[in-house]
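Asker: Quick one: the structure is below, and I'll ask about it shortly.
Nothing in this text is a laboratory measurement; each read-out follows from the coordinates by a stated rule. Not measured: the values here are computed from a predicted model. Here Cβ is always computed from backbone atoms with ideal geometry, including for glycine, and neighbour counts include all displayed protein chains.
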Amino acid sequence: MSNQTKHTGFFASLENSPSTNEFIKGLWRENPVFVQVLGMCPVLAVSNTAENALAMGLATAFVLLMSNILVSTLRNFIPKQVRIASYILIIATFVTMVDYLIQAISVDLHKALGAFISLIVVNCLILGRAEAFASKNTIGKSMLDALGMGFGFTFALFCLGAVREILGNGSFFGIPFFPENFQEWVVMILPAGGFFTLAMWLLIFNAAKNKG
Amino acid sequence: MANTTTEASSFKMLQSMVGIGLFCALMIVLTFQGTLPRIEKLKAEALEKAIFKVIPGMVTKKTFQIGENNTLTEVSTVPKGARVVYAGYDENGKLKGVAIEASGMGFADVLRILYGYDPEQQAVVGFYVLESKETPGLGDKIEKDDNFLANFEALDVALAEDLTSVKNTVVTVKSGQKKNAWEVDGITGATISSRAIGNILGTSTQEMVPMIFKNKEVFEK
């Protein structure tokens, strides 16, 4: 493997494993939200309902996948002095495309995600994977890495969104979840609720990891 | 990495940046062109749905452009930047109401609303929020709260005797203190947002309602 330091131990253990590990690691062992704690802005801001969280997660996963593929394809063509600028250019392009695509899918969804779609550009998860992984690995591996990380991110966002919508809005995917006289915990929908929920999930996740 | 050992020349850097830039520009233009018709269709559909929501009982729609000196002319397509109102008719071609767009500052950002005015009842008969960034769970109750939306089933905007202004300007009062037909019952927990709606409606009806009432015959042709 190459001269990377961060993943040395991990890759050493992968030497004889199937490439599915490239995919699995993003879902669990190196989950971008619960383990790496990357990309907190959309995690806290757009996880107020399950639907918004899922849409945001999938949009980010798409951008991650496409930018990883392109960065990996061009990894021998981009001089290292201009690599960050090139990555940002590539990421921004796919984010702009996603912005148009979401508008074409549903006006309401675009209204709900609002400014956060454009902010995918500066999500450090995407630039992080481009710099740390895609620029050093083959296209196939980069795709698997992006899929794993993207779905791991979506999964984490969905965990937060589901809890916040159920408690804060009394519904799940817009369908009422509790009997009519349930008093919603409005704080869960507000920014503070994002921090509470994230802390709770980190607690559960780390407890499960320490046991296992 | 393949190129860490050799210093890349300026030409190579320029080549890669320009190359990627051109490719990206092409991708964006293609996506924009590809999705434009569908985005415009969806936006038009959303507006159409809103118009039907604010004028109860309407079946067909006509669009009227507001020209200089407040003259109204029917148009089939909306010219760019033109101010328009939408008239709704029932199956017998009778005017059911006029949908008017208005906007103003809310709590978080500009609120854009659409409301229906019925010249026969001289009242606002429907209300819909087109664009809002109000706080979820609090300010966005202006879109969902049933008690608040009930304000706009028959909100009095009757004209004064000289027909140039609305007699009682629409105003938001504290929750539960609505006494007159022109008052909007506010929402606890969405004080600023519900007050903003009252102000937007007050300003817009003062301007638009006398003009529409004066031109009532234009709609009925």
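Asker: I need the P(r) histogram for the protein assembly as shown: all alpha carbon pairs, bin width 20 Å from 0 out to the longest distance, whole percents.
Answerer: Spelled out per bin, shortest first, that is 22, 43, 27, 9, 0.
Asker: Further question: Partner chain Cβ atoms within 10 Å, averaged over the residues of A:120-126 - can you pull that number for me?
Answerer: Counting Cβ atoms of other protein chains within 10 Å of each residue's Cβ and averaging gives 0.
Asker: I would also like to ask the following. Take the alpha carbon atoms of segment B:31-46, find their center, do the same for segment A:27-71, and report the distance between the two centers in whole angstrom.
Answerer: Using only Cα atoms, the two centres lie 26 Å from each other.
Asker: Anything in chain A that counts as a DSSP H helix reaching 30 Å or more along its axis (C-alpha) with Kyte-Doolittle mean of at least 1.0? List them, would you?
Answerer: Qualifying helices, which must be both long enough and hydrophobic enough, are A:50-73, A:83-105, A:139-169.
Asker: How high is the relative contact order of chain B, in percent, counting Cα pairs under 8 Å that sit 6 or more residues apart?
Answerer: The value is 14 percent.
Asker: Which lysines, if any, have their Cα less than 23 Å from the Cα of B:LYS178, not counting same-chain residues under 8 positions apart?
Answerer: B:LYS141, B:LYS144, B:LYS167
Asker: Another question, if that's okay. Evaluate segment A:26-211: find the radius of gyration of its Cα atoms, find its Kirkwood radius, and give the ratio Rg to Rh.
Answerer: 1.02
Asker: Full extension from A:ALA115 to A:TRP28: what is 0.36 nm times the residue separation minus their Cα-Cα distance, to one decimal in nm?
Answerer: Once the chain is fully extended between A:ALA115 and A:TRP28, it gains 28.4 nm.
Asker: As an exercise, identify the GluC sites (Glu not before Pro) in segment B:41-95 lying in DSSP coil whose Cβ has no more than 16 other Cβ atoms within 10 Å.
Answerer: Hits after loop and neighbour filter: B:GLU91.
Asker: For n ≥ 4 DSSP H runs only, could you compute -39500 (n - 2.57) per run for chain A, divide by its residues and tell me the 222 nm figure to the nearest 500?
Answerer: -20500 deg cm²/dmol, from helical runs alone.
Asker: Here's something else I'd like to know. Once you mark the GluC sites (Glu not before Pro) that are in a DSSP loop and have at most 11 other Cβ atoms within 10 Å, what is the longest gap between them in chain A? Let's see the in-between values first.
Answerer: Details: sites that count: A:GLU15, A:GLU180.
Of all site-free stretches, the longest is A:16-179.
Asker: A follow-up question, please. On each of the three principal axes of the Cα atoms of segment B:7-82, give max minus min coordinate, whole Å, ordered largest first.
Answerer: 72, 30, 17
Asker: Hey, another quick one. Connecting C-alpha atoms closer than 10 Å in a GNM of chain B, tell me which of B:LEU14, B:LEU30, B:LEU201 has the biggest fluctuation.
Answerer: Top of the fluctuation ranking is B:LEU14.
Asker: Would you please give the FRET efficiency between B:MET17 and B:ALA46, computed as 1/(1 + (r/R0)^6) with r the Cβ-Cβ distance and R0 = 30 Å, to the nearest 0.05?
Answerer: Once the sixth-power term is evaluated, E becomes 0.15.
Asker: Give the relative contact order (percent, whole number) for segment B:90-167; include only Cα pairs under 8 Å separated by 6+ residues.
Answerer: On the way: 120 pairs, mean separation 17.4, N = 78.
Across segment B:90-167, relative contact order equals 22 percent.
Asker: Say we join alpha carbon atoms closer than 10 Å with springs in a Gaussian network model of chain B; which of B:THR205, B:THR169, B:THR77 then has the biggest fluctuation?
Answerer: B:THR77
Asker: Roughly what angle does helix B:10-54 make with the longest principal axis of chain B, taking Cα atoms, 0 to 90 degrees, to the nearest 10?
Answerer: Roughly 20 degrees, rounded to the nearest 10.
Asker: Along the Cα-to-C-beta direction of B:LYS167, a point sits 7 Å from the Cα; which residues of segment B:181-221 have their amide N less than 11 Å from that point?
Answerer: Counting backbone N atoms under 11 Å from the label point, the list is B:181-182.
Asker: Write out the GluC sites (Glu not before Pro) in segment B:123-221 meeting two conditions: DSSP loop, and at most 14 other Cβ atoms within 10 Å of their Cβ.
Answerer: B:GLU161
Asker: Quick check: residue separation of A:ILE105 and A:THR138 times 0.36 nm, minus the Cα distance between them. What number comes out in nm?
Answerer: Working it through step by step, the gained length comes to 8.6 nm.
Asker: Considering the zone a paramagnetic label at A:VAL187 would reach in this model (a point 7 Å from Cα along the Cα-to-Cβ line), which residues of segment A:152-167 have amide N under 16 Å from it?
Answerer: A:164-165, A:167
Asker: In chain B, what percentage of the DSSP-assigned beta bridges are antiparallel, given to the nearest 5?
Answerer: Details: 32 of 35 bridges.
Antiparallel bridges make up about 90 percent of those DSSP assigns within chain B.
Asker: Related question: How high is the relative contact order of chain A? Use alpha-carbon pairs under 8 Å, at least six apart in sequence, and give a whole percent.
Answerer: Relative contact order here is 34 percent.
Asker: Could you give the length gained by full extension between B:ALA158 and B:GLU207, i.e. 0.36 nm per residue of separation minus their alpha carbon distance, to one decimal place?
Answerer: 16.3 nm
Asker: For chain B, find the longest principal axis of its Cα atoms and tell me its angle to the long axis of helix B:191-214, 0 to 90°, nearest 10.
Answerer: Value to nearest ten degrees: 70.
Asker: Here's another thing I want to ask about it. Round to the nearest 0.05 the FRET efficiency obtained for B:THR60 and A:GLN36 when R0 = 51 Å and r is the Cβ-Cβ distance.
Answerer: About 0.35, to the nearest 0.05.
Asker: Something else about it: What are the semi-axes of the equivalent ellipsoid of chain B, taken as the square roots of 5 times the eigenvalues of the Cα gyration tensor, listed largest first and rounded to whole Å?
Answerer: Semi-axes from the Cα gyration tensor: 45, 24, 15 Å.
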